[in-house]
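Novice: Next up is a structure, given as structure tokens.
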Amino acid sequence: MKIGLTLGGGAARGSAHIGVLMELEALGIRPNLITGTSIGGMMGALLAMGLTVTEITTFFANLSVSSMFQLTKRTTPAVTGTQKIEKLLVETLNGRPTFADLQTPLAVVTTDLVTRQAVILDEGDLISAVLATIAIPLVFPPVERNGHVLVDGGLLNNTPFDVARARGATFVIAVDLTNTAPYGTPVPPDKSGTGMVERMLVRTQQGRTWQILSTVTDIITTQSFNARLAVSRPDVLLRPKLGTIGLFDFHRMEDGIAAGRTAVRDAGDQLSVIRNYTQN
């Protein structure tokens, strides 16, 4: 059995991946290959490098709008640059590893603005690949790599379980992060940090205009995901109930972790085949 783990995109909602990893570890389930998009690609890179769940949790706890974002020059086609998050990744990974340095095979999905097609990255510099897959358009600038102009892969394949299957996984566990509260659900009071950029982004998402945009994005992403499900399906699909956790709500990490853990526990019967296999 070759276990593939797919981690979907969703920015701060990616804390749910930590809860999933905690429960899979408790079950003795370790992936033989990993695929991911956006925050899922970033978390997947940390896992593939051999970081423990505790170390990944510490990394995520250090993420915030203030720790990742900074205002850029007007000539930059984005709200923020990538210097801060790149520095954090270099420090966490002890340099600039390549895909060849990974303990577990990894593939991350990006979108090429020129060809308008998905580009799967699985070789070369790891950090630039992560920066490409998390490059939410207009939030982070595109990453130019090997002749491509790359942004967030969530535009085309937000939960790339089919990529894991195509790369030889015989049992695929996919984590989709679009199971959020319906439009109009009251958002809890903001308890984020006090940085200017953080206040701007976190409070913006509490407004009705942003909620409409976020809901529309989830609808489009879900429709694309459902189209892929009509062709093939992961063996286990985990859809943590994320409620009102917003894309920039990094301060709600514990809520996301709890949602991820619950999703795995609810899928216990489906995961039993792997547990029985690894025990035997």
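The values are calculated or read from the model by the stated rules, or taken from the named source; none is laboratory data. If you're wondering where the values come from, they're calculated on a predicted model, not measured in any experiment. Cβ sites come from the backbone with ideal geometry, for glycine too, and all protein chains shown count toward neighbours. Note: areas computed on protein heavy atoms with side chains; ligands, DNA, RNA excluded. Shrake-Rupley method; radii C 1.70, N 1.55, O 1.52, S 1.80 Å.
Novice: Quick test for you: out of Ile219, Ile274, pick the one residue that is farther than 20 Å from Asp162 by Cβ, out of contact with any Asp or Glu (no Cβ under 8 Å at 6 or more places or on another chain) and of a type outside the set (Lys, Arg).
Specialist: On the way: Ile274 fails: farther than 20 Å from Asp162 by Cβ.
Criteria check complete, one pass: Ile219.
Novice: What is the one condition in (1) at pLDDT 95 or above; (2) aliphatic (A, V, I, L, M); (3) open to solvent by 50 Å² or more (accessible area, probe 1.4 Å) that Val175 does not satisfy?
Specialist: So the condition that Val175 fails would be (3).
Novice: Yes or no: Ala107 among the hydrophobic types (A, V, I, L, M, F, W, C), at pLDDT below 95 and either buried (at least 20 other Cβ atoms within 10 Å of the Cβ) or not in a helix (DSSP H, G or I) (or both)? Show your work before the answer.
Specialist: Details: among the hydrophobic types (A, V, I, L, M, F, W, C): yes; at pLDDT below 95: no; either buried (at least 20 other Cβ atoms within 10 Å of the Cβ) or not in a helix (DSSP H, G or I) (or both): yes.
Against the criterion (among the hydrophobic types (A, V, I, L, M, F, W, C), at pLDDT below 95 and either buried (at least 20 other Cβ atoms within 10 Å of the Cβ) or not in a helix (DSSP H, G or I) (or both)), Ala107 does not qualify.
Novice: Can you give me the number of residues within segment 227-246 that are out of contact with any strand residue (DSSP E or B) (no Cβ under 6 Å at 6 or more places or on another chain) and surrounded by fewer than 23 Cβ atoms within 10 Å (Cβ to Cβ)? Before the answer, list the steps.
Specialist: Filtering segment 227-246 for residues out of contact with any strand residue (DSSP E or B) (no Cβ under 6 Å at 6 or more places or on another chain) gives 227-233, 239-241, 243-246.
From what's left, surrounded by fewer than 23 Cβ atoms within 10 Å (Cβ to Cβ): 227-233, 239, 241, 243-244.
Of the residues in that region, 11 qualify.
Novice: Continuing with this model, one more query. Filter segment 121-151 down to the residues that are closer than 18 Å to Gly10 by Cα, modelled with pLDDT of 95 or more and part of a strand (DSSP E or B), then identify the one that is farthest from the chain's Cα centre (by Cα).
Specialist: Leu150
Novice: Any residue at all in segment 6-13 that's surrounded by 16 or more Cβ atoms within 10 Å (Cβ to Cβ), farther than 20 Å from Ala135 by Cα and at pLDDT 95 or above?
Specialist: From segment 6-13, those surrounded by 16 or more Cβ atoms within 10 Å (Cβ to Cβ) are 6-13; that's our starting set.
Narrowing further to those that are farther than 20 Å from Ala135 by Cα: none.
No: segment 6-13 contains no residue that is surrounded by 16 or more Cβ atoms within 10 Å (Cβ to Cβ), farther than 20 Å from Ala135 by Cα and at pLDDT 95 or above.
Novice: Kindly evaluate Gly28 against the criterion of being open to solvent by 10 Å² or more (accessible area, probe 1.4 Å) and of a type outside the set (Phe, Trp, Tyr). It would help to see each step written out before you state the result.
Specialist: Working: open to solvent by 10 Å² or more (accessible area, probe 1.4 Å): yes; of a type outside the set (Phe, Trp, Tyr): yes.
The answer is yes for Gly28.
Novice: Would you check if there is a residue in segment 45-52 being under 21 Å from Asn179 (Cβ atoms), surrounded by 24 or more Cβ atoms within 10 Å (Cβ to Cβ) and free of Cβ contacts under 8 Å to residues at least 60 places away in the same chain?
Specialist: The first filter runs over segment 45-52 and keeps only residues under 21 Å from Asn179 (Cβ atoms), leaving none.
No.
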